[in-house]
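Undergrad: Next up is a structure, given as structure tokens.
The values are calculated or read from the model by the stated rules, or taken from the named source; none is laboratory data. What you are looking at is a predicted structure, and each value in this text was computed from that prediction instead of being measured. When we count neighbours, we look across all protein chains shown, and the Cβ atoms used for this are built from the backbone with ideal geometry, even at glycine. Only protein heavy atoms, including side chains, enter the accessible area calculation; ligands, DNA and RNA are left aside. Shrake-Rupley method; radii C 1.70, N 1.55, O 1.52, S 1.80 Å.
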Amino acid sequence: MTESMKGKWALILGASSGFGEAAATELARRGLNICGVHMDRKAGLENVERIKGEIEAAGSEALFFNVNAADPEKRAQVMDEVAGRTGSGGLKVLIHSLAFGTLKHYISDKPEETLTSRNFDMTLDVMAHSLVYWTQEAVTRGLMGEGGRIFAMTSSGSHRVWPTYGAVSAAKAALEHHIRQLAVELAPRKITANSIRAGVTDTPALRKIPGNEALVENAMRVNPSGRLTTTGDVAKAIALLCADGADWITGNVIGVDGGEDLI
């Protein structure tokens, strides 16, 4: 644990599975308390309880909210609770790992398989724009200050094409831009912002993508490190970037993929 993490909090959007879950447990082991935001039905709540148990077993506090992270009223309610726990400057880390978008074609002979304006608006709002709104709350309320770290989970879909992934690709590209803009605007406050581009990783979000088996097979074939990326790989990289000495790393898309995106 570094002194800058001791007693501080991490706010993780999408904390109940995948990258968010791994980051929550890893950062808890590094001494951070965890506030998790997720949206799950009853079947997923057992996993949330398990995650909270792991966080508490590591000696950290766990505060979880089962709400829609794109709802402005719910966001305000969560931040009210966070403010009561963290106090001024007590929020060290904000991680955006929301995976809730529409997987349809731009062009299709079947209307039900074609992206609509509502599909686009929802996907971009949840998977990209919400990062800005949560950051605004954290900074303007004074919860995050000097030494703060902001991370957004992106993918190679931000610059590559995959059938039905178009709206999500647009969201990832927008997310990367939001990070660049935030990095510049937050630099005077000594808060960093970076995108984390994971390689193909076996997560619940990946399994929802039609044709995900082909994505996995291709990644296994081309990855020069000879395996898929794991959520643990990504969580450890985020933890490293939270440590003292990473203050000058901001505005980047950082690949955590064993070299996969190079091939």
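Undergrad: Give the peptides 164-171, 41-48, 230-237 in descending order of average Cβ contacts within 10 Å, highest first.
TA: 164-171, 230-237, 41-48
Undergrad: Can you give the net charge of the other residues whose Cβ lies under 12 Å from the Cβ of GLN77, counting K and R as +1 and D and E as -1?
TA: Result for the neighbourhood of GLN77: -3.
Undergrad: Taking the Cα centre of segment 1-124 as the origin, how large is its charge dipole in debye, to the nearest 20, when only Lys and Arg (+1) and Asp and Glu (-1) carry charge on their Cβ atoms?
TA: Result for segment 1-124 is approximately 260 debye, rounded to the nearest 20.
Undergrad: Excluding PHE120 itself, what net charge comes from residues whose Cβ is under 14 Å from its Cβ, given Lys and Arg +1 and Asp and Glu -1?
TA: Around PHE120, the surrounding residues sum to +1.
Undergrad: Run the dipole for the chain about the Cα centre, Lys and Arg Cβ at +1, Asp and Glu Cβ at -1, nothing else charged, and hand back the magnitude in debye, nearest 20.
TA: The dipole magnitude comes to about 200 debye.
Undergrad: In addition: In this model, which of LYS172/LYS208; LYS6/LYS52; LYS104/LYS236 are farther than 28 Å apart at the alpha-carbon?
TA: LYS104/LYS236
Undergrad: I would also like to ask the following. Keeping all protein chains in place and using 1.4 angstrom, which order do TRP162, TRP248 fall into by accessible surface area, from largest down?
TA: Sorted by accessible area, descending: TRP248, TRP162.
Undergrad: Moving on to the next point. Using Cα atoms only, what is the angle between the long axis of helix 130-140 and the major principal axis of the chain, expressed in degrees (0 to 90) to the nearest 10?
TA: Helix 130-140 sits roughly 10 degrees off the main axis of the chain.
Undergrad: Let me ask something else about it. Kindly express, to the nearest 10 degrees and within the range 0 to 90, the angle between helix 231-242's C-alpha long axis and the longest C-alpha principal axis of the chain.
TA: Once rounded, one gets 40 degrees.
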